[in-house]
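Okay, structure first, notes after.
The values are calculated or read from the model by the stated rules, or taken from the named source; none is laboratory data. Nothing here was measured: the structure is a model prediction, and the numbers come from that model. Cβ placement follows ideal geometry from the backbone for every residue including glycine, while neighbour counts extend to all protein chains displayed. Remember, those area values only see protein heavy atoms, side chains included, never the ligands or the DNA or RNA. Shrake-Rupley method; radii C 1.70, N 1.55, O 1.52, S 1.80 Å.
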Amino acid sequence: MPFLKKQFNCYCYWPSNPKSIVEFIGGSYLATKPDITYKRFIQTLIKNNHAVHAYKYLPQFDHQELSKNAWKDFRSCKNSLFTRINKIIPTIRIGHSLGCKLHLISPDGGRNCEKFISISFNNFGANKSIPFLKNISKSLEFESEFSPSPNKTLTIIEKTYIQNNNLLIKFESDKLDQTESLLSCLRIRDKDNSKGVLLQGNHTLIASAGLREEYLGKWADDSLKRKTIIKICDLIDSFS
């Protein structure tokens, strides 16, 4: 079993001799308890001998602040791991849904990682992301939008994000996905090495605690979800 440490807002899973660090940010609401909502995905990464730092956050409008706080916590957790194992290992960043955006607008512009994996990138505005907000805004005569806004987010990525090794994963039945706009934005940059992959599934496929299998046995397991999570983790290892 890996050593588990709760440090700042991160759940840190440390195998005895990890080959790399995965800095993972999940989607809005799902990331309030990433140790539960992404349990199966995290466990598969650990089996592939990655140390996993899973960031916990509550939804808010200021995504730039969330991104900055996650970046700071990841940096502190990384230093703690390096001290523990007495060596430096590469870092992989992975985001799901809103978590992709938070990685892409991080203060270092993707400098301090080997590669970035985007899963079901989502960049909707507040009115589409939060049920009933549009109607409430109209009735109370105020306007609310995420910071940065969807258009501003893509501009930031195009102008300040420098990581060229990006794997963008999209699911066939995902109506919330905006991977195509992200891929177009990334490919505008010089020396870009971004690639897209289309898999079976929906927006929340990697959000799984494996509870049905745990309580009802393997016959109740979601085979597609389990196999796709394994495939995604294999893609993460093979992409460079």
Could you give the longest part of the chain that holds none of the trypsin sites (Lys or Arg not before Pro) found in DSSP loops with at most 13 neighbouring Cβ atoms within 10 Å? 20-86
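Could you calculate the contour length gain from residue 197 to residue 223, that is, 0.36 nm times the residue separation minus the distance between their Cα atoms, to one decimal place in nm?
7.4 nm
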Evaluate the distance, in nm, between pseudo-label points positioned 7 Å from the Cα of residue 187 and of residue 87 along their respective Cα→Cβ axes. 3.9
For the chain, state the average projected area of the convex hull of the C-alpha atoms over all orientations, rounded to one decimal in nm². 13.5
Could you please state how large a percent of the accessible area of the chain is carbon and sulfur, counting protein chains only and using a 1.4 Å probe? 52
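Using a ≥ b ≥ c from the Cα gyration tensor of segment 146-205 (square roots of the eigenvalues), is it rounded, prolate or oblate, where a/c under 1.5 gives rounded and otherwise the larger of a/b and b/c decides, a/b for prolate?
On the way: a/c = 2.85, a/b = 1.37, b/c = 2.09.
Oblate.
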Each label sits 7 Å from Cα toward the beta-carbon; between residue 152 and residue 29 the label points are separated, in nm, by 2.5
Cα atoms only: what Rg and Dmax, in Å, come out for segment 1-84? 12.3, 38
